[in-house]
Ligand code: MG
């Protein structure tokens with residue numbers, strides 16, 4: 001098995017602002033694994049929130065030597081070794097996981113959703129994310145999001161009620177909100193959420209700091225709409241601590257090191273009675289198509305990271321009237337833009 005990687009720079013359609021900060025470009029890494037004339041494509045979309053940058057991904061991948069593994073099918077052993085190379089680095093590890101899964105699907109001539117035993121038309125609707133912005137820009141974004149029946153709105157800053165009020169005055173669509181750990185106390189979170197309930201909000205993502213599970217449990221007892229953990233859940237081992245604090249989990253391939261662990265988190269989360277959401281970073285159609293392969297298992301999808309990118313080098317999963325549309329291509333179902 002041979003591997004190669006390259007840095008990519010993604011330009012955003014709009015500057016993207018959440019409670020933590022603002023960005024106009026995002027760096028990522030594309031990994032290719034080649035074996036027996038078949039190339040599997042993977043992607044790392046590193047997030048500084050989790051201690052990763054394109055540089056840390058490249059440094060991790062530069063230490064990766066896949067030549068000692070004779071067969072890409074042995075994902076269990078390969079990914080166990082990759083995971084043990086260093087703590088963290090989950091986006092870099094996800095690139096390997098995605099490339100291996102893409103290779104296997106191409107080798108078998110099967111899309112991954114089929115290999116996982118899933119039903120293609122059971123994909124959920126995806127939300128479209130609206131970042132924090134001025135009222136004028138928010139208004140324009142709501143109009144641009146006309147084709148998407150569900151909006152996910154970033155809040156968690158002082159005055160965020162104004163954003164919701166403005167959007168509610170423009171549309172009666174389903175709205176989900178994501179506070180990105182932005183509210184400063186459990187009392188503030190309860191006040192905000194009770195007000196959001198009156199605006200017909202479907203659920204709230206990550207109201208408090210990731211470590212404050214006790215606070216989340218306190219909030220949960222006082223509100224009526226579901227609380228979904230995002231920053232509080234990265235990997236499988238985080239699930240146990242969430243019971244009682246959150247109603248659901250936002251699984252992202254870049255947090256949990258790829259499809260293999262994401263599948264386990266879905267099963268374990270179901271066993272714990274948690275709602276399952278699939279999310280993404282700002283990333284290309286490679287990583288979004290990978291997550292979409294699992295989406296027939298999800299209650300909620302927020303897989304719009306590629307739609308926020310102006311120069312996506314790939315094409316894969318599509319969105320039609322908000323619904324994720326999987327294709328029949330083998331593997332992740334993503335190919336270079338303009339390819340066939
Ligand atoms: Mg989130």
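Derivation of every value follows stated rules applied to the coordinates shown; laboratory data play no part. All figures in this text were calculated on a predicted structure; none of them were measured in a lab. As a convention, Cβ positions derive from the backbone with ideal geometry for all residues, glycine included, and neighbour counts pool all protein chains shown.
General remarks:
- In terms of its C-alpha gyration tensor, region 103-262 comes out oblate, because a/c is 1.5 or above while a/b does not outweigh b/c.
- Among 195, 103, 218, the ranking by other beta carbons within 10 Å of each residue's beta carbon, starting with the fewest, stands as 195, 218, 103.
- Helical contribution to [θ] at 222 nm, DSSP H n ≥ 4, -39,500 (n - 2.57), averaged over the chain, rounded to 500: -9500 deg cm²/dmol
- Alpha-carbon gyration tensor eigenvalues x 5, square-rooted, for region 149-201, Å: 19, 11, 10
- Only beta bridges with both residues in the chain are counted; by DSSP, about 50 percent of them are antiparallel.
- √(5λ) per eigenvalue of the Cα gyration tensor, the chain, largest first, Å: 33, 21, 18
- Average 1/r across all pairs of distinct alpha carbons in region 178-238, invert it, and you get the Kirkwood radius: 11.5 Å.
- Coordinate range along principal axes, alpha carbons of region 25-87, Å, largest first: 36, 25, 17
- Region 202-291: radius of gyration and largest Cα-Cα distance (Dmax), Å: 12.8, 40
- Cα-based convex hull, region 228-340, per residue volume (Å³, whole number): 99 Å³
- Theoretical gain in end-to-end length, residue 263 to residue 108 [0.36 nm per residue, Cα-Cα removed]: 53.8 nm
- Kirkwood-type radius of region 97-190, with distances r between different C-alpha atoms, in Å: 16.1 Å
- By the count of other C-beta atoms within 10 Å, a proxy for reagent exposure, 93, 152, 165, 106 are ordered fewest to most as 165, 106, 152, 93.
- For region 268-322, the square roots of the Cα gyration tensor eigenvalues, ordered a ≥ b ≥ c, give a/c of at least 1.5 with a/b greater than b/c, which places it in the prolate category.
- Angle between the chain longest axis and helix 75-84 axis [Cα atoms, degrees, rounded to 10]: 70 degrees
- Translational diffusion coefficient of region 67-111 (Stokes-Einstein, Kirkwood radius from Cα pairs, 25 °C, 0.890 mPa s): 221 µm²/s.
- Ordering 157, 251 from the fewest to the most neighbouring beta carbons within 10 Å gives 157, 251.
- Rounded Å value of the spacing that divides the Cα centres of region 1-23 and region 37-76: 16 Å
- Here region 1-127 is described by how far its Cα atoms reach on the three principal axes: 43, 40, 24 Å, from widest to narrowest.
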